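Derivation of every value follows stated rules applied to the coordinates shown; laboratory data play no part. All values derive from a computational prediction rather than experimental measurement. No Cβ is skipped: glycine too gets one built from the backbone with ideal geometry, and neighbour counts run over all protein chains shown.
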Amino acid sequence: MIEFDFKNKTKHRVLEKNLRKIVEKFSKVFYPSENIQISTTIVTKREIVNLNKKYFGKNKATDVISLESKSDLRPKSLGEMVICGDVAQKEAEARGHSLQKEIEILFCHGLVHLLGKDHDDKLGRKNWNKALFKLRKDL
């Protein structure tokens, strides 16, 4: 079972059902016999700057922040993901695709971070890319 909490605090239109499809695949691939909970919020540039400053000491906007949960409660909470709709819109325009597609790309990126994977070094990038490939395959 998956508990997927989704909030959109922006004017950007985001299809929750597409994100739900991705999180269902994520659950089947990485947590096939566990109940999991994931929270995702789409926020403004101002909100993501405040969160980035609070958690990482960086006074700038970013596209996605994943905050892993340390809770042992059930269902297993993987954590909170925050995606900046404003930054995603600019990235989508620069890449020539829709905002929805960019949000889905960022969502996959954030889910892999919630697995505890990072891409800061060579080994981390390799493991991170393997997990991302498994998730995005057949989507």
**Request:** Pop the C-beta distance of ASN50 and LYS70 into the FRET formula with R0 = 22 Å and round what comes out to the nearest 0.05.
**Result:** 0.50
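Exposure proxy check: ASP86, ASP72, ASP5 ranked by fewest other beta carbons within 10 Å? Write down the numbers at each step before the final one.
On the way: ASP86 19, ASP72 7, ASP5 11.
Going from sparsest to densest Cβ surroundings: ASP72, ASP5, ASP86.
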**Message:** Within the stretch 70-102, name every residue whose backbone N is under 14 Å away from a label modeled 7 Å from Cα of LYS9 along the Cβ vector.
**Reply:** 80-86
**Fill in**
Computed from the beta carbon distance with a Förster radius of 25 Å, FRET efficiency for PHE133 and LYS101 to the nearest 0.05 stands at 0.90
**Item:** On Cα atoms only, tilt of 99-114 relative to the major axis of the chain in degrees
**Value:** 50
**Request:** Extending each Cα 7 Å along its Cβ direction at ILE2 and ASN59, get the distance between those two points in nm, one decimal.
**Result:** 3.9
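Taking other Cβ within 10 Å of each residue's Cβ, how do ARG46, ARG20 sort, fewest first?
The fewest-first ordering by Cβ neighbours comes to ARG46, ARG20.
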**Request:** Filter the cross-link list LYS53/LYS130; LYS70/LYS134; LYS58/LYS137; LYS7/LYS28 down to pairs whose alpha-carbon distance in this structure exceeds 26 Å.
**Result:** LYS53/LYS130; LYS58/LYS137
**Item:** 0 to 90° range, to nearest 10: angle between helix 85-95 axis and the chain longest Cα axis
**Value:** 90
**Complete:** When LYS134, LYS25 are ranked with the fewest other C-beta atoms within 10 Å first, the list becomes LYS134, LYS25
**Item:** log10 of Debye I(q)/I(0), alpha-carbon scatterers only, for the chain at 0.09 Å⁻¹
**Value:** -0.25
